[in-house]
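Notes to accompany the following structure.
The values are calculated or read from the model by the stated rules, or taken from the named source; none is laboratory data. What you see is a predicted model, and the numbers here were worked out from it, not measured in a lab. As a convention, Cβ positions derive from the backbone with ideal geometry for all residues, glycine included, and neighbour counts pool all protein chains shown.
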Amino acid sequence: MSKVYNKIESVTGNVITVRADGVRYQELAQITTRFGKSLAQVNKIDGNLVSLQVFAGGQGVSTGDEVRFLGHEMRVSFSEDLLGRIFDGSGEPRDKGPALTDNMKSIGGPSVNPTKRILANRMMRTNIPMIDMFNTLVVSQKLPIFSISGEPYNQLLARIALQADADVIVLGGMGLKYDDFLYFKEELSNGGALSKTVMFIHTASDPTVECMMIPDMALAVAEQFALQDKDVLVLLTDMTNFADSMKEIAITQEQVPSNRGYPGDLYSQLASRYEKAVDFANSGSVTVLAVTTMPGDDVTHPVPDNTGYITEGQYYLKGGRIEPFGSLSRLKQNVNGKTRKDHRALMDAMIRLYSSYKETLEKKNMGFAMSRWDEKLLKYGLLFENRLMDLSVNMPLEESLDTGWKILAECFEKDETGIKSDLTEAFWPVN
Amino acid sequence: MTENKGRVVSINGNLVSVRFEGNVSMNEICYVHVDGTKLKSEVIRIRGDIAQIQVYEMTIGIKCGDEVEFTGEMLSAQLGPGLLGQIYDGLQNPLPVLAEQAGWFLERGNYADGLHAEKKWEFTPTAKVGATLRAGEHFGTVPEGPFTHKIFVPFHLLGTYTLKSIAEKGEYTINETVAVLCDERGREIPVSMSFRWPVKRAVKCYAERLAPTETMETKVRLIDSFFPVAKGGTYCTPGPFGAGKTVLQHTTSKYADVDIVIIAAVGERAGEVVETLTEFPELIDPRTGRSLMERTIIICNTSSMPVASREASVYTAVTMAEYYRQMGLHVLLLADSTSRWAQAMREMSGRLEEIPGEEAFPAYLESYIAAFYERAGCVLLPDGNKGSVTIGGTVSPAGGNFEEPVTQATLKVVGAFHGLSRERSDARKYPAIDPLISWSKYKTVTEPVKCAFCRNILLHGDEIGSMMKVVGEEGTSLEDYIVYLKAEMLDAVYLQQNSFDLIDADTSKERQRYVTDKLIVVLGSEYALADKDSARSFFNRLRQKFIDWNYTAFKSEAFAKAENEIEMLYADGDGKLGNKAERLLKGGV
């Protein structure tokens, strides 16, 4: 028997308060307004005064509207039927399929016991050289893609979704432009990956509160798949929008802001999502890749800054390329020692030379004379950027490594590369 | 005593208000009953008949009117044999036991005893019946791993006691009575091998607190020689993300010459704890020849675990450190990261609607940080032995900017500062401790004058380096250029160290002294070098020789051979020892 109330005490932004008894913290309610029904979630109880954040927003809510408490917290249905489906931030279908109500699972569940985790040691192939070769993605890793708005981060995510060797893809879109949503849908269905994908999409025009639900729903579903021995890749875009929604709600509820208006628990909130990345001992895994746009390309902005402390490295997308310098995969050494024996040495040498190229480029721009060595570096930098860094380049790791050797051979002598001679003997291309 | 009950009246995040009858005390532990489970909480504010409590678990599903049971006890740690080698959460629940009980996830309301209740320990009495004892004095021992674990009169017993009876040598569990004490009024108090101690109170059962004078070797050259840490001292390691804070602490936990290491993973990644868990049982402690895990305790409250127990975890860790110090052992507590602890305080402060201080941290931030670090110290124990607790905390400043409140509050109270810099870590210069901004008040393993000599070269080299960025190599004199090369070489061969190489990572103080002397010869000499190109190539070769030398075992054949090559190269460059260096090496100033 659910309880119904129809005296709303206050409406502030997206938060309403009602007087009600026996309500549980974080319980869901349904509110019926002139625009239809919406979910609302309890986020504060003070005596019998209950605050709820209304998913559809406070707009048009009347003090006489009906609030019905549902007696359970936010849940999401879990079954194989999810695959290929698209939902919104309330868990309602966004496609034309039926609503799913079987096997409901709570979202935002407890964290994994650290003793039940295993050390991440499997590579996740993406066929993008800048990832596979230089900053290898590892199964169960959590990595953000730091990017300025305007960079092709959603294109990158779509490509990773299509090419990564994961069993299930869960895509969580927050504040997504509608065109981007259509783009993802089209790309994934053209690429034939839709049947292994579940999408939770909040578009920019949807209510703010729903945005906050997306990561939890996506990760709850991913976790369930992982417990069924699946390797799941969760793609989130864009976590800055998620943080901004939290900020909006916190300020509405008059919480003391800590840094640039963000609530004091920003770190914990982000961490509890990212930490869902896991490799279960003797079962599946969850890998998280999340776009974090940096307002004004500022990595010290609270969202990227806190993210950096939580995640295991970052991909830094700049000028349409994954930058080799700002990017880092902290777990790459767990896997790149057992791919091919030239992998590490070649990676190090190519990055070192690329950094010399950058210095030379600077010198050139300042008008200094170019030596023969400088010319070599300039040629090398250009080839590197075109053949490996360009985001459209698509090839398996082994081919990337071979390409790397070819570039070196076109530009340098063996002993100029600083690679141990037994490796150059074995891999230097003969022409 | 435990009849005290209350009812929930409001819920906001993990802060719950409770209307109570009777008396409650500040920091008392209570349990919220919800759906058949009991959620552990702590009283953090009392106003009239309302107590505000922070719940150590997720508060989802709590409703007004839910029953709250007060225990009358403060948050405490169970102390006794069996702590070593354990992996605890912030409230001293052993994680492997929780995994057995609940499986994959840390289900709320699931608790377990910190110590194994059934396990038998070989007890040997060391005090005679009739002996006079005080809190913190021992009356028996049990062997625990490589250590002799002393069994104490519980720290909370005030006054003096007479030992009325004591158990025979034999096997007992931690809860069996092994002795009966008699207080001044003749009341009998049975004691077992374990007792509880409130974690937020410092243990003060020592005779005297001593100044930290003995250097704790970490085997990291940059630390031991330039920015040393003393046993019983404190230090902090602030740095932006990716600068290598955790790797540095990891190295320290392996190589530091202390008896026991307690690692407190406070609000950090679970993956890093897994790494320690996987690696440590396999590693051999060179001091005892046994698994490294046997001297380690891990307190792990990762970032996704509830924030209130994150705040408790540093206290749980330091209490265990103090307990082992009481046995005359040297304990190192590594807290990674204290910023997450400070943020936990900030979150609670915000919920309590306290007036915020700088960056919304609570006004008491500084005094709490100071009180925590003050629990470190070298002490003289009642039995005449010495023990120490050394605390090393990492700090994760927002945006890598050291001007923020947590870093500044920490710098006020620590004895050494190891500031990590983004520039050094980007240039892959590890450990990325910036020698130009770091400092230490403790005693170096080499000699202060020699350190000053080397630092001077570094400073001078850095000045020339920044000048060269403006005027270019062409505009720099050969003399200055050589100083610059010397500074670069010193950095490359001494400050930088490969923490993944077994020999290089483990540089003893004898070796540090030896290498420093050799470096002073090389750096304090004039060379006959014609131009910049020959200077660069000369120092490059020298650098390579030194690095090779670093990878040879101390005093081995290869070591002597590599040293000989350095000397040959030195002679090749026609090195003439300068006056200052000569005086230094002779022991003058």
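Within segment B:351-365, is even one residue away from chain A (no Cβ under 12 Å), free of Cβ contacts under 8 Å to residues at least 24 places away in the same chain and either of a type in the set (D, E, K, R) or surrounded by fewer than 21 Cβ atoms within 10 Å (Cβ to Cβ) (or both)?
First, the residues of segment B:351-365 that are away from chain A (no Cβ under 12 Å): B:363-365.
Okay, now just the ones that are also free of Cβ contacts under 8 Å to residues at least 24 places away in the same chain, so B:363-364.
Pick out the ones that are also either of a type in the set (D, E, K, R) or surrounded by fewer than 21 Cβ atoms within 10 Å (Cβ to Cβ) (or both) and you get B:363-364.
So far as segment B:351-365 goes, yes, one or more of its residues are away from chain A (no Cβ under 12 Å), free of Cβ contacts under 8 Å to residues at least 24 places away in the same chain and either of a type in the set (D, E, K, R) or surrounded by fewer than 21 Cβ atoms within 10 Å (Cβ to Cβ) (or both).
Could you tell me which numbered condition B:F139 fails, if it satisfies all but one of (1) free of Cβ contacts under 8 Å to residues at least 60 places away in the same chain; (2) surrounded by 20 or more Cβ atoms within 10 Å (Cβ to Cβ); (3) within 14 Å of chain A (Cβ to nearest Cβ)?
The single condition B:F139 does not satisfy is (3).
Can you name every residue in segment B:463-491 that is crowded, with 17+ Cβ neighbours inside 10 Å and either part of a loop (DSSP other than H, G, I, E, B) or hydrophobic (A, V, I, L, M, F, W, C) (or both)?
B:I464, B:T476, B:I482, B:V483, B:L485, B:A487, B:M489, B:L490
For a quick check of your reading of the model, give me the residue pairs whose first member lies in segment B:564-589 and is on the phi < 0 side of the Ramachandran plot and assigned to a helix (DSSP H, G or I), whose second is at pLDDT below 85 and loosely packed, with under 12 Cβ neighbours inside 10 Å, with beta-carbon atoms closer than 8 Å and at least 6 apart or on different chains.
That search, which allows pairs on different chains as well, returns B:R583/B:V589.
Among the residues in segment B:153-160, are any among the small types (G, A, S), farther than 26 Å from B:A312 by Cα and either touching a Gly at 6+ places or on another chain (Cβ under 6 Å) or not in a strand (DSSP E or B) (or both)? Can you show your working first?
First, pick out the residues of segment B:153-160 that are among the small types (G, A, S): B:159.
Filter once more, so that each one left must be farther than 26 Å from B:A312 by Cα: B:159.
Now narrow it down to the ones that are either touching a Gly at 6+ places or on another chain (Cβ under 6 Å) or not in a strand (DSSP E or B) (or both): B:159.
Yes, there is a match, as at least one residue in segment B:153-160 is among the small types (G, A, S), farther than 26 Å from B:A312 by Cα and either touching a Gly at 6+ places or on another chain (Cβ under 6 Å) or not in a strand (DSSP E or B) (or both).
Could you list, in sequence order, the residues of segment B:298-317 that are within 12 Å of chain A (Cβ to nearest Cβ), assigned to a helix (DSSP H, G or I) and among the polar types (S, T, N, Q)? Spell out how you get there, then give the answer.
Let us first name the residues in segment B:298-317 that are within 12 Å of chain A (Cβ to nearest Cβ), namely B:298-311.
The next check asks that each one be assigned to a helix (DSSP H, G or I); those that pass are B:307-311.
Across segment B:298-317, the qualifying residue is only B:S309.
With the requirement that a residue be closer than 18 Å to A:T417 by Cβ and part of a loop (DSSP other than H, G, I, E, B), what does segment A:368-394 give you?
Of everything in segment A:368-394, just one residue is closer than 18 Å to A:T417 by Cβ and part of a loop (DSSP other than H, G, I, E, B), namely A:S371.
Pick from segment B:318-329 the residues that are part of a loop (DSSP other than H, G, I, E, B) and among the hydrophobic types (A, V, I, L, M, F, W, C): which of them is farthest from B:M74 (Cα to Cα)? It would help to see each step written out before you state the result.
To start, the set of residues in segment B:318-329 that are part of a loop (DSSP other than H, G, I, E, B) comprises B:326-329.
Still in the list and also among the hydrophobic types (A, V, I, L, M, F, W, C): B:327, B:329.
Values: B:M327: 24, B:L329: 27 Å.
If we take residues in segment B:318-329 being part of a loop (DSSP other than H, G, I, E, B) and among the hydrophobic types (A, V, I, L, M, F, W, C), then B:L329 is farthest from B:M74 (Cα to Cα).
Looking at A:V61, A:V50, A:V42, which is the one that is surrounded by 16 or more Cβ atoms within 10 Å (Cβ to Cβ) and out of contact with any Lys or Arg (no Cβ under 8 Å at 6 or more places or on another chain)? I'd like the intermediate steps shown before the answer.
Values: A:V50 fails: out of contact with any Lys or Arg (no Cβ under 8 Å at 6 or more places or on another chain); A:V42 fails: out of contact with any Lys or Arg (no Cβ under 8 Å at 6 or more places or on another chain).
Result of the check over A:V61, A:V50, A:V42: A:V61.
With respect to A:Q224, is the statement that it is within 14 Å of chain B (Cβ to nearest Cβ) and outside any loop (DSSP other than H, G, I, E, B) true?
Numbers: within 14 Å of chain B (Cβ to nearest Cβ): yes; outside any loop (DSSP other than H, G, I, E, B): yes.
So A:Q224 fits the description; yes.
Under 7 Å between Cβ atoms, at least 6 apart or on separate chains: pull out the pairs that start in segment A:325-340 with a residue that is within 12 Å of chain B (Cβ to nearest Cβ) and end on any residue that is among the small types (G, A, S).
Cβ pairs passing all conditions: A:L328/A:G313; A:L328/B:G242; A:S329/A:G313; A:R330/A:G313; A:L331/A:A120; A:N334/A:A120.
Answer with yes or no whether B:T390 is in contact with a helix residue (DSSP H, G or I) (Cβ under 9 Å, 6 or more places away or on another chain), under 30 Å from B:C205 (Cα atoms), within 14 Å of another protein chain (Cβ to nearest Cβ) and among the hydroxyl-bearing types (S, T, Y). So that I can check it myself, show each step before the final result.
Numbers: in contact with a helix residue (DSSP H, G or I) (Cβ under 9 Å, 6 or more places away or on another chain): yes; under 30 Å from B:C205 (Cα atoms): yes; within 14 Å of another protein chain (Cβ to nearest Cβ): no; among the hydroxyl-bearing types (S, T, Y): yes.
So B:T390 fails the test.
Can B:V43 be described as away from chain A (no Cβ under 12 Å), touching a strand residue (DSSP E or B) at 6+ places or on another chain (Cβ under 6 Å) and assigned to a loop (DSSP other than H, G, I, E, B)? Steps first, answer last, please.
On the way: away from chain A (no Cβ under 12 Å): yes; touching a strand residue (DSSP E or B) at 6+ places or on another chain (Cβ under 6 Å): yes; assigned to a loop (DSSP other than H, G, I, E, B): no.
For B:V43, the condition - away from chain A (no Cβ under 12 Å), touching a strand residue (DSSP E or B) at 6+ places or on another chain (Cβ under 6 Å) and assigned to a loop (DSSP other than H, G, I, E, B) - is not met.
Could you tell me which numbered condition B:M345 fails, if it satisfies all but one of (1) surrounded by fewer than 24 Cβ atoms within 10 Å (Cβ to Cβ); (2) at pLDDT 95 or above?
The failed condition is (2).
Please specify each residue of segment A:5-28 satisfying the condition of being touching a residue at least 40 places away in the same chain (Cβ under 8 Å), more than 24 Å from A:D216 (Cα to Cα) and within 13 Å of chain B (Cβ to nearest Cβ).
Initially, segment A:5-28 is screened for residues touching a residue at least 40 places away in the same chain (Cβ under 8 Å), giving A:5-9, A:11-16, A:18, A:20, A:23-24, A:26-28.
Add one more test, that the residue is more than 24 Å from A:D216 (Cα to Cα), and what stays is A:5-9, A:11-12, A:18, A:20.
Result: A:A20, single match.
Of the residues that make up segment B:553-561, is at least one at pLDDT below 90 and hydrophobic (A, V, I, L, M, F, W, C)?
As a first pass, look at segment B:553-561 and keep what is at pLDDT below 90: none.
Within segment B:553-561, none of the residues are at pLDDT below 90 and hydrophobic (A, V, I, L, M, F, W, C).
Quick one: would you say A:L119 is aliphatic (A, V, I, L, M), within 14 Å of another protein chain (Cβ to nearest Cβ) and not in a loop (DSSP other than H, G, I, E, B)?
Numbers: aliphatic (A, V, I, L, M): yes; within 14 Å of another protein chain (Cβ to nearest Cβ): yes; not in a loop (DSSP other than H, G, I, E, B): no.
No; evaluated as a whole, the condition is false for this residue.
Filter segment B:492-526 down to residues that are over 30 Å from B:D285 (Cα atoms) and surrounded by fewer than 18 Cβ atoms within 10 Å (Cβ to Cβ), then give me how many there are.
2
Checking B:P435 against (1) out of contact with any Leu (no Cβ under 6 Å at 6 or more places or on another chain); (2) away from chain A (no Cβ under 12 Å); (3) more than 17 Å from B:F372 (Cβ to Cβ), which single condition isn't satisfied?
(1)
Filter segment B:50-78 for residues that are within 16 Å of B:S309 (Cα to Cα) and within 9 Å of chain A (Cβ to nearest Cβ); which is farthest from the chain's Cα centre (by Cα)?
B:T59
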